[in-house]
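Novice: Have a look at this one before I ask anything.
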Amino acid sequence: MPFLPHPQHAAPRSPIRGPALPIGVAVTAIGVLLSIGSGPVPSSGADSMPVPVAVMQVPPVKVAATTAADPCAESSVQQAIANGDDAATIAAFGGGVAFREAVVAGNAPCISLHDPARLWVVVNKSSPLNPPEYEPTNLASVPLQMTTPSGRVRTDVAAAVGEMADAAVAAGVGRIGANNGYRSYGLQVTTYGSHVRSQGQAEADAGSARPGHSEHQTGLALDVVACGTGCGGLDGFGATAQSDWVAAHAWEYGFIVRYEQVGTPVTGYAPEPWHLRYVGVDLAAAYHEGGFHTLEEFFALPAAPDYAH
C-alpha cells in the first residue's frame, strides 16, 4: 500500500479517549490539582475549617399558666373572717396593698365588697346596702362635741376618731367636733327628703345619698366640723386649719376623705372635705400611698356618678 502522509494542520489523536480539552484549560486544571495535592494538611486548631454538624430542630418551649395562690384558702384568713376580725383578715392577706391586689385581681372569693359589716364595703349610687335597712350592731358614742343628735358610730370608728382629734389638738390646729355619725334608714329617708324639697332632685342627689345608699348607715362614716369657742357648720370646714390637717393626716388613723373634688365624676357627689370614711389603718395607708381619691378606683370598680333609676 502506498504511503499516505497525515493531512497538514491536523491534530494528532489524543491518547485519552473523548473530546480533547484546549491546552490552556488543561494546564490550569492540572495546576490546581497539583496545588491541592501538595498543600499542607489543615490542622485541627482554631483556624481550621469548622466541621459540618447536623442541624437539629429545637423543641418548642411550653409555657404553662401558673395558677395564683388563693389567699382565701389560708387557714389564718378563714379564721379571721369567721371571727369577724377585719384587721386580722387584711393582715393575713399580707397587708393593705396585698389585700387590694387580691381583690382587684379577682383572687379573693371570700371577700365581698357588698358586705355592710366589713371595713371594705363600697356603698355608692350603683351599689346600695344589702339589705337596704341594714343596722350595725356595735355602735358607740362619738367622743367629740356633737352638733346634731346623730352621735354614734361603730366602736372602732369612735376610738379612731377620738385619737385623731387628740392628735389634732396636740399638733396645734384646734379641736375637731362632729356633725353626723350613724344614720338609720328611716333617718336617711327624712334627711334626703328634706334636701329634695329644699334644693330639688338633682341638687339633692349631688349632696345627699338616697335611703339605702348612704355610708352613714354603715356606722363607718361621720361628718366632722371645726370647733373653737363653739363648733362651726359643715360648709365652713374646708377653709380651716383642722380641714387641712385632716386631709393630710386622717389616713394615719384609718380614715379617708371620701368625696374629694377630683373624685366627683366617679362618685357623683360634690366635694365634702368633712365626710370621713373609716376603712382601717392598713387599707387607709394603702389608699394614701397609692395616691387614690375614691374607693371605686381603689378597688377598680366602675364609676357610679348616677343612680340606675
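Novice: Grab every C-alpha pair in region 246-298, bin the distances at 5 angstrom width from 0 up to the longest one, and report whole percents.
Specialist: 5, 25, 34, 24, 11, 1
Novice: Okay, next question. Can you tell me what percent of all Cα-Cα pairs in region 96-183 are more than 22 Å apart?
Specialist: Here the tail beyond 22 Å accounts for 45 percent of pairs.
Novice: Let me ask another. Work out the FRET efficiency for residue 83 and residue 145 from their Cβ-Cβ distance, taking R0 = 25 Å, and round it to the nearest 0.05.
Specialist: 0.15
Novice: Quick check: pseudo-label points 7 Å beyond the Cα along Cα→Cβ at residue 115 and residue 241, how many nm apart are they?
Specialist: It works out to 4.3 nm between the two label points.
Novice: Hey, with R₀ at 25 Å, roughly what FRET efficiency would residue 300 and residue 261 work out to, going by the Cβ-Cβ distance, to 0.05?
Specialist: E between residue 300 and residue 261, to the nearest 0.05, is 0.70.
Novice: Separate question: Given R₀ = 25 Å, what would the calculated FRET efficiency be for residue 137 paired with residue 252, taking r from the Cβ atoms and rounding to 0.05?
Specialist: Calculated value: 0.35.
Novice: Let me ask you something else. Does anything in region 68-95 have its amide N under 18 Å from the 7 Å Cα→Cβ label point of residue 155, and if so which residues?
Specialist: The answer is 80-89, whose backbone nitrogens lie closer than 18 Å to the label point.
Novice: Something else now. So if each residue of separation counts as 0.36 nm, and I subtract the Cα-Cα distance between residue 270 and residue 201, what length gain in nm does that give?
Specialist: Details: separation 69, 0.36 × 69 = 24.84 nm, distance 1.41 nm.
The residue 270-residue 201 span can extend by a further 23.4 nm.
Novice: Output needed: percent of Cα pairs per 10 Å distance bin for region 156-239, bins running from 0 to the one holding the longest distance.
Specialist: 17, 39, 32, 13, 0
Novice: Given the convex hull over the Cα atoms of region 213-309, what projected area results after averaging over all orientations, in nm²?
Specialist: Orientation-averaged projected area of the Cα hull: 6.8 nm².
No lab work stands behind these numbers, since they all come straight from the coordinates. Note that the structure is predicted; figures quoted are calculated from it, not measured. No Cβ is skipped: glycine too gets one built from the backbone with ideal geometry, and neighbour counts run over all protein chains shown.
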